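Asks: What follows is a single structure, and I will ask about it in a moment.
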Amino acid sequence: VFPERLRMDFFDGKAADSLRIPATLGNRFGLLWAVWSLRGLGPGDKWGTLRLRRGLAAADLAALAGLTASAWFDSLGQSRPVVERLLDPLSRILLNEPSEKVSAAVLAQTLRELVLGGGDAMRLGWSCVPLGELYAEPARAYISARGGSVLTSTEVTRFVEDEGRVMGAADEWGQRFLADATVSTLPPWELKRLALPPRLKGPWEGLDSSAMGTVHLDFETTVLGVPVAALTGTTASWVLARPGPAGTDQRLSLAV
């Protein structure tokens with residue numbers, strides 16, 4: 001589901017705020033109006049966001065590769081209220097981490113597409129079906145229709161190198177799955193347990209985990225009047241409202 005215009009609602013435990021583009025304005029000036037209308041930011045905070053827009057347009061992504069997004073925001077003169085109430089919630093929904101833990105280059109590229117990419121890029125959508133139905137099954141159908149194979153319940157125990165390239169992986173029976181590239185989605189502490197060619201060893205082995213969980217609360221009556229909202233100053237980061245199961249009216253899913 002994608003609303004026609006950008007809308008982000010915020011709750012900080014005391015008051016509600018909303019970033020929304022009115023239907024009477026275009027996206028460029030509508031975004032400026034939406035930011036200026038936020039009650040939780042002062043005039044100086046709002047004017048400062050103009051530097052962010054200029055910084056997005058001029059950003060050298062390669063030069064930002066060694067910076068955190070938080071450090072980049074500081075270099076652009078973004079105030080703490082702007083970071084805490086606007087940029088951190090965006091960072092969490094886009095990259096699942098606060099700005100002090102994500103790459104400035106990655107977040108800048110994502111925000112550039114969001115802010116400078118036009119009307120459709122600025123619409124915040126959410127899934128109304130399980131993610132397996134949204135992503136996994138269509139991906140399987142796409143690959144299979146083009147002659148590819150999707151194997152499940154097939155354990156990979158090591159990666160092999162052939163003529164200087166990591167060509168594929170082998171299961172416990174020694175079968176090889178050759179490919180032009182291999183992408184592992186194992187967490188680092190699991191991947192480093194596998195037999196790996198020396199060239200795959202590296203600093204990634206020390207990466208920490210970043211767990212994410214969802215708490216579902218069912219209510220007999222509607223308690224949230226918007227479909228999705230950012231939470232600031234709370235344990236959970238986002239809340240998504242949907243119809244509740246039988247005997248209830250609304251389910252709130254809180255991302256922690």
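Asks: For residues in the stretch 200-256 being of a type in the set (D, E, K, R) and surrounded by 11 or more Cβ atoms within 10 Å (Cβ to Cβ), which is farthest from Val129 (Cα to Cα)?
Replies: Residue satisfying both the conditions and the ranking: Glu205.
Asks: In the stretch 115-174, which residue that is in contact with a strand residue (DSSP E or B) (Cβ under 7 Å, 6 or more places away or on another chain) and among the aromatic types (Phe, Trp, Tyr) is nearest to Arg92 (Cα to Cα)?
Replies: By that ranking, first place goes to Trp126.
Asks: Here are some conditions: (1) under 19 Å from the mean Cα position of the chain (by Cα); (2) more than 24 Å from Trp238 (Cα to Cα). Phe29 meets all but one. Which one does it not meet?
Replies: Checking Phe29 against (1) under 19 Å from the mean Cα position of the chain (by Cα); (2) more than 24 Å from Trp238 (Cα to Cα), the one that fails is (1).
Asks: Checking Pro3 against (1) assigned to a loop (DSSP other than H, G, I, E, B); (2) open to solvent by 50 Å² or more (accessible area, probe 1.4 Å), which single condition isn't satisfied?
Replies: Here Pro3 clears every test but (2).
Asks: In addition: Which condition from (1) assigned to a strand (DSSP E or B); (2) within 25 Å of Asp17 (Cβ to Cβ) is the one that Asp218 breaks?
Replies: Exception for Asp218: condition (2).
Asks: Could you list, ordered by first residue, the pairs with Cβ atoms under 8 Å in which the first is in the stretch 93-115 and in contact (Cβ under 8 Å) with a residue 24 or more places away in the chain and among the basic types (Lys, Arg) and the second is open to solvent by 40 Å² or more (accessible area, probe 1.4 Å) and assigned to a helix (DSSP H, G or I), at least 6 apart or interchain?
Replies: Arg112/Ala57
Asks: Pick out, from the stretch 19-108, the helices (runs of 4 or more DSSP H) lying fully within it that include 2 or more residues that are at pLDDT below 90 and in contact with a Phe, Trp or Tyr (Cβ under 6 Å, 6 or more places away or on another chain).
Replies: none
Asks: Suppose we filter the stretch 221-233 for residues that are within 15 Å of Asp9 (Cα to Cα) and either modelled with pLDDT under 85 or part of a loop (DSSP other than H, G, I, E, B) (or both); how many remain?
Replies: Qualifying residue count for the region: 7.
Asks: Something else about it: May I ask you to list pairs of residues, at least six apart or on different chains, whose Cβ atoms are under 7 Å apart, with the first in the stretch 125-152 being under 27 Å from Arg5 (Cα atoms) and part of a helix (DSSP H, G or I) and the second being at pLDDT below 95 and open to solvent by less than 100 Å² (accessible area, probe 1.4 Å)?
Replies: Leu134/Ser127
Asks: Please work out which residue is most open to solvent (accessible area, probe 1.4 Å), limiting yourself to the stretch 95-113 and to residues that are under 12 Å from the mean Cα position of the chain (by Cα) and hydrophobic (A, V, I, L, M, F, W, C).
Replies: Looking at the filtered set, the residue picked out is Val106.
Asks: Based on what the data block shows, is Pro22 surrounded by fewer than 17 Cβ atoms within 10 Å (Cβ to Cβ), touching a Gly at 6+ places or on another chain (Cβ under 9 Å) and not hydroxyl-bearing (Ser, Thr, Tyr)?
Replies: For Pro22, the condition - surrounded by fewer than 17 Cβ atoms within 10 Å (Cβ to Cβ), touching a Gly at 6+ places or on another chain (Cβ under 9 Å) and not hydroxyl-bearing (Ser, Thr, Tyr) - is met.
The values are calculated or read from the model by the stated rules, or taken from the named source; none is laboratory data. The shown structure was predicted, so the numbers you read here are calculated from the model rather than taken from an experiment. Every residue, glycine as well, gets a Cβ built from its backbone with ideal geometry; the counts of neighbours run over all protein chains shown. Note: accessible area is taken over every heavy atom of the protein model, side chains too, but ligands, DNA and RNA are not part of it. Shrake-Rupley method; radii C 1.70, N 1.55, O 1.52, S 1.80 Å.
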